[in-house]
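Here's the structure, in structure tokens; my notes come after.
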């Protein structure tokens, strides 16, 4: 894990803090600009965290690709019948 | 309908049960649509009906219940941070986790990934599906699951760490990981 110091005027949050912000950032839930800047700065010089982020992005893409399911025709027909009753 | 069925399928892990679950949830939603004041909240509201039905009536009626299925719904998730969670993991996994090989995923079939997702406790599996697959925000997922937003955040962290570990174990069992190789050039 990285213990590099900041050289661009951004706080170096360190790997521990980056870990806690990690998934929120990847999910677009980190909305504080300063937190985003600090996280991205950490990522720019920490190979370990960067690799994990790349892994997570790839994993999320695989999950999205694998999880899409089309409802069976029988279910579609069943729901149409159901709604017709109302 | 497809997103509802997709989540139902991952919850029930059975297509027949998933169809029943979606049909019941849609019937309940259709009957209660007038109670939805903010139509912009339709998606989380609908997912919440689906999830609630899964947790209650559906489990009682299911012809295919399993002890694992029942227990996992009430998993003790706590609010532990990722660092604490990692303290309990084996060294080999931590070594890989500190510098994962992205190529590992490309060597695992989609069915292996789905198997790993299906192996997660329902609370984590559902949060991951709602956020990462259906694109709900943490607040919307919290509304759908009837939990605070912080709980969704916690479930996302823990669930995905568990998922990575499950995938790593599958890759290790298949001889796809080289734990001493830290440059990511080979798996």
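What's the average, rounded to a whole number, of partner chain beta-carbon atoms within 10 Å of each residue's beta-carbon in A:67-80?
Values: counts 14, 4, 13, 4, 12, 6, 0, 3, 12, 4, 0, 5, 8, 0.
So the per-residue partner count for this stretch is 6.
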Next item on the list: Could you compute the FRET efficiency for residue B:42 and residue A:31, with r as their C-beta to C-beta distance and R0 at 35 Å, rounded to 0.05?
Entry: 0.90
Margin query: Starting from the 7 Å offset along Cα-to-Cβ, what nm value, one decimal, do you get for the label separation of residue B:91 and residue A:76?
Written below: 5.6 nm
Next item on the list: Evaluate peptide B:152-159: per residue, the Cβ atoms of other protein chains within 10 Å of its Cβ; return the mean as an integer.
Entry: 3
Note to self: To make sure I understand, if each residue's beta carbon is the centre and we count other beta carbons within 10 Å, what order do B:126, B:151, B:137 fall in, fewest to most?
What the structure shows: B:137, B:151, B:126
Notebook entry, point to check: So how far apart, in nm, are the two label points at residue B:31 and residue A:58 if each is 7 Å from Cα heading toward Cβ?
Noted result: 4.9 nm
Item checked: Partner chain coverage, peptide A:18-27 - average Cβ within 10 angstrom -> 5
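Every number in this text was worked out from the coordinates using simple rules, so none of it is lab data. Here the structure is a predicted model, which is why all the values come from computation and not from measurement. We place every Cβ from the backbone using ideal geometry, glycine too, and count neighbours over all the protein chains shown.
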